[in-house]
Structure formats: C-alpha cells, structure tokens
Amino acid sequence: MPEQIEHTPVLCGLATNPSLPPELVDVLIRDGDDEILTDLVERTDLTRAQTMSLVVRCDPRMIALLVRHGLAEAEPRHFDDPAIAIQLISGGLGTPEILARLAHDSDPAIRRLVADEVRPLPYEITRIFAAGTDIRLVAAVAGWGELPADVARALARHPDREVRSELASNPSGTVPPDVLAELLTSGGDAPITTCGACRANPSPNERCHTHSAGLDVIRSYALRNESTPLAALLDYADADNASDRAAVAAREDLPPALLARLANDVEDFVRTTVAENPSTPVDTLRTLARDTSANVRRAVGSNPNIPLDLLFDLSQHTRLPLRSPRIDRATERELRGIAVSRSARVRALAAARPDLPDDLSATLADDPDPGVAKHLADRPRLNADDLRLLAARHGPRLYSAIARNPNCPPELLHTMARNSQTVQKALREIARHPAAEPRTLILCLNDQEARQQAAANPALPVDALIALAEGPDRRDAYTAATNPSLPVEWMRRTITGHASN
C-alpha cells in the first residue's frame with residue numbers, strides 16, 4: 001500500500017487546479033493527507049467514483065461538506081458520528097430527535113459544537129443550555145441572535161460575569177430593553193460570584209471578591225448596546241470616562257440639545273462621534289466644521305446630512321473620504337451643479353459617485369485635474385482610446401485606476417508596467433488584468449504582491465510559472481500551482497515524485 005503523500009503548498013495548489021487530469025486527482029484522493037483532501041473537496045469536477053473515494057478517506061467534517069455540496073448522500077451511519085451529524089444538521093439535514101440526542105450528549109465539546117454550528121435551535125434546547133453548568137456554553141447562548149425573552153431575563157441573573165457581559169453586548173435586539181437597562185444601572189439584580197479570573201485561579205486567595213471591575217465591564221457593554229433604552233443612559237453623557245460619553249454621543253435618538261452639548265466635549269473623539277451622528281443638528285455640524293481637530297472636521301464631511309455648502313467649504317481645507325454619503329444621495333440636479341464647480345475638490349466629490357449619468361461621467365473623465373479623473377478611470381464605460389488619453393494626460397498617478405478598467409488594452413498595460421515611475425499598487429492591478437501579455441507579467445515579478453497576482457494569471461510564461469512553483473516562497477508556490485496553464489507533464493512529475501518519496 002502506497003505511503004501517504006504529505007502536503008506541501010504546491011500539492012495543495014495542484015489539488016484545486018482545474019487542469020489537473022482525472023488520473024492525478026485519483027492519486028491525490030488515494031494517497032493525499034488530510035490537508036490535500038480538504039482542497040480536493042472544493043473541486044467541482046469530481047466524478048461520482050472520486051466522491052465515493054473521498055467519503056471513505058475524509059474526516060467527519062469533510063464528509064459533511066461533501067453531502068452539503070451535493071457531492072454525496074447522507075447515510076444513516078453518518079449520524080452515528082456526532083461531528084458529522086452536527087455538520088449535516090447545520091446544513092438542514094437530520095431529525096429533531098437526532099438534534100436532541102446531540103444536545104444532551106455527556107461530552108461538553110459536543111454540546112458546544114451544537115451551540116456553535118446549529119441555527120436556529122429549538123426553544124427547549126436553548127433553555128437547557130442556558131440553565132447548564134458549562135459557563136462557556138451558557139455565555140455563548142447569551143450572545144445568540146435568537147434569544148427568547150424569558151431566557152434573557154434568566155441570564156441577567158446568572159452569577160457569572162462573562163455570561164452577563166455577553167448578554168449586555170448582544171446586538172440582535174432580542175434582549176428586552178428593561179433587561180439591558182438593569183445591566184447598565186446595576187450590572188444585574190443578583191450578585192456576581194464567578195468570573196474568568198476566579199475560574200483561572202482556584203486558590204481562594206487569588207479569587208475575586210467584589211467583582212467591581214466586572215460590573216464596570218457589564219455596564220460598558222450595555223451602554224454601547226443600541227437596544228438599551230435612551231432614558232437609562234442619559235446620565236452617562238456626563239461620565240468621567242470619555243469613551244462612555246462617546247458611546248452616548250453615538251446614539252441617533254439623542255435630543256438635539258444633548259448632541260450640541262457633547263459637541264463641546266474636551267475630548268476630540270467624543271466630538272468626532274457627534275460629528276458622525278446622522279441626528280446631529282445642522283447648526284451643530286457647522287460649529288464642528290470649524291473644530292481644530294482634522295478628525296472632527298473629516299467626520300462632519302462624512303455625515304450624510306451635511307448641507308452641500310458646508311461640504312464644499314470643508315473640502316477646500318480638510319482631506320475628506322473619497323466617498324461622501326451626502327453626495328451619494330444628491331439629486332441629479334445637485335450633481336450637475338457639483339460637476340461644473342470651479343473647485344477641483346468639489347468636482348472630485350461628484351466624480352467618486354459610482355452611478356453618475358453617462359454624460360457626467362464623460363465630462364468628469366475629461367477633467368484636467370487628475371484628482372477628479374482618477375475616479376472615472378476604472379469605469380467600464382470608458383473605451384481603450386479613452387484610457388490611452390487618460391494615461392497620456394495624467395501619467396502614473398492614474399495608472400492603478402486605468403489598470404483596473406476591464407477595457408484597458410494590452411499595449412497600454414505593458415507601457416504602464418515599463419514606466420519606472422509606476423507604483424507597486426499599479427503593478428498589482430496590471431498583473432491581475434486578463435489582458436496582460438506574458439512580457440508584461442514578467443515585468444511585475446519584482447514586486448511581491450504583484451508576483452502573487454502574476455502567478456495566478458494564465459498568461460504568465462510557463463518557465464516563470466514553474467520557477468515560482470519550485471521556488472522558496474510558499475505563497476508563490478501555492479498560487480502558481482493553482483494556475484491552469486501549468487504543463488500536465490510537470491504536474492505529473494511533481495505528484496508522482498512526492499508519491500515515491
């Protein structure tokens with residue numbers, strides 16, 4: 001019997017290569033180790049015979065994956081193995097009786113796997129898990145999105161700090177508001193008697209006693225939970241802890257007067273949070289737009305409700321994000337006005353919007369300012385002549401965007417790759433372009449990230465491809481081995497060579 005073939009980056013890459021001949025797939029199925037088998041499972045061209053062979057050799061999770069992908073059928077014996085059964089049930093197979101058996105398994109690892117993998121769980125199983133003694137499992141339940149209200153109320157009285165912390169941070173909106181308010185104000189109405197530190201230190205002298213730090217953590221999570229009632233957190237607008245004040249400032253249901261007061265906070269990250277809040281009044285935004293902190297001003301520019309005149313003024317002296325939520329919802333009439341602004345920074349705001357009318361796209365692509373034109377250079381509506389003109393007019397500053405355009409012609413890709421001023425980012429875009437020629441891809445091999453893209457490009461010359469596959473870099477070797485342009489004879493020699501070692 002042949003010895004098992006140990007995985008290498010090249011063999012794992014070949015296992016996914018769509019050009020790998022069926023007889024070599026058979027060799028890897030028969031002799032490959034678990035890592036190789038894991039890659040083989042992802043193939044979409046397996047025959048039924050190959051699939052059956054994989055089922056015989058695969059570990060439980062892989063068998064379940066084959067079944068869920070429709071490559072194999074679930075058999076009654078599969079449900080006898082808990083790991084396989086859980087994976088199958090999470091894919092919609094199995095019966096309630098099998099799930100109940102797994103949920104009551106004596107092995108806590110099996111119960112935890114059920115909790116981690118199966119959604120939704122029946123109410124009765126959720127209740128049993130929440131009432132159990134396995135703290136890790138109970139804490140996991142507290143963070144679920146399908147948490148029944150009565151279970152949430154019971155968990156708010158759980159004696160462990162981690163359980164209450166998970167409940168307080170549950171983002172699903174299923175924890176009752178009054179429970180979150182209770183966790184915020186008191187950490188829960190029952191004493192906390194255990195926490196992670198206690199469990200890690202069995203010695204009585206090393207255990208926590210007051211759990212005061214744990215209570216602060218619970219309150220902090222509840223304060224940041226969007227479902228916590230507004231009335232319960234208003235007092236925290238004056239908290240000593242600035243991060244608590246920022247958590248209040250993020251609430252979109254705050255009264256305008258409170259937002260205006262928080263806009264004067266001594267900490268700039270609190271003011272930044274106010275500036276980002278869509279509910280912040282316009283007058284407050286205008287005040288924050290004059291803030292000494294650039295972060296605060298940028299946050300004002302990102303507010304979806306900023307008035308256009310304020311946005312335009314900010315763009316003249318503050319570096320704003322490339323995309324503006326306010327511009328994204330501008331009317332066509334507003335867009336047309338923005339597109340003819342005398343300010344290039346204002347025109348750039350319009351150019352960054354992805355759904356511009358065709359005539360505006362053409363106008364802005366022809367803009368003399370590269371900061372405007374770069375936003376249009378990767379749009380498929382531009383043809384090869386348009387891209388040549390952009391490259392000639394603006395040079396390397398636009399090469400990355402031009403190389404992202406699917407219409408970029410091969411000779412332009414080559415010209416850009418040859419330019420000594422071409423930045424690494426542009427080389428990476430060139431290397432992944434389907435129109436890149438072999439000679440162009442060779443020019444991209446000196447940059448590590450561009451080399452990764454070139455290794456995956458079927459146009460890379462075979463000798464360069466083999467050199468990467470046989471080279472010392474594991475990432476290059478794996479990527480090159482996935483390339484369908486690899487010669488079949490090289491694949492054969494590589495696999496049979498490992499099989500004979």
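Observations, loosely collected:
- Of all residues making up segment 265-280, the number that are open to solvent by 40 Å² or more (accessible area, probe 1.4 Å) and more than 22 Å from H317 (Cβ to Cβ): 4
- Set I110, I98: member being of a type in the set (V, I, T), under 25 Å from A74 (Cβ atoms), part of a helix (DSSP H, G or I) and under 33 Å from the mean Cα position of the chain (by Cα): I110
- Residue ID - most open to solvent (accessible area, probe 1.4 Å), chosen from residues in segment 43-60 that are at pLDDT below 85 and outside any helix (DSSP H, G or I): D59
- Residues satisfying the stated conditions in segment 255-313, i.e. part of a loop (DSSP other than H, G, I, E, B) and of a type in the set (V, I, T): V266, T280, T292, I306
- Residues that are open to solvent by less than 30 Å² (accessible area, probe 1.4 Å), in contact (Cβ under 8 Å) with a residue 24 or more places away in the chain and either in a loop (DSSP other than H, G, I, E, B) or more than 16 Å from Y399 (Cα to Cα) (or both) within segment 436-451 comprise A436, C444, listed in sequence order.
- Restricting segment 113-133 to residues that are among the β-branched types (V, I, T) and not in a helix (DSSP H, G or I) leaves a set whose member that is farthest from the chain's Cα centre (by Cα) is T133.
- Which numbered condition M416 misses (of (1) open to solvent by 40 Å² or more (accessible area, probe 1.4 Å); (2) farther than 30 Å from A289 by Cβ): (1)
- So A459, is it open to solvent by 20 Å² or more (accessible area, probe 1.4 Å), more than 31 Å from the chain's Cα centre (by Cα) and in contact (Cβ under 8 Å) with a residue 24 or more places away in the chain: no
- Residue within segment 410-419 that is at pLDDT below 95 and either part of a loop (DSSP other than H, G, I, E, B) or closer than 24 Å to A344 by Cα (or both) present: yes
- Taking the criterion of being closer than 21 Å to E117 by Cβ and part of a loop (DSSP other than H, G, I, E, B), the residues of segment 134-166 that qualify are D134, G143, W144, G145, E146, L147, P148.
- When segment 226-247 is filtered for residues that are open to solvent by 10 Å² or more (accessible area, probe 1.4 Å) and part of a loop (DSSP other than H, G, I, E, B), the ones remaining, listed by number, are E226, S227, P229, A239, D240, N241.
- Scanning segment 177-199 for residues that are open to solvent by less than 40 Å² (accessible area, probe 1.4 Å), at pLDDT 85 or above and more than 29 Å from the chain's Cα centre (by Cα) returns V179, A181, L183, L184.
The values are calculated or read from the model by the stated rules, or taken from the named source; none is laboratory data. The model shown is predicted, which means the values in this text are computed figures rather than measured ones. Every residue, glycine among them, receives a Cβ derived from its backbone with ideal geometry; neighbour counts consider all protein chains shown. Side chains are part of the model used for accessible areas, which takes the heavy atoms of the whole protein and leaves out ligands, DNA and RNA. Shrake-Rupley method; radii C 1.70, N 1.55, O 1.52, S 1.80 Å.
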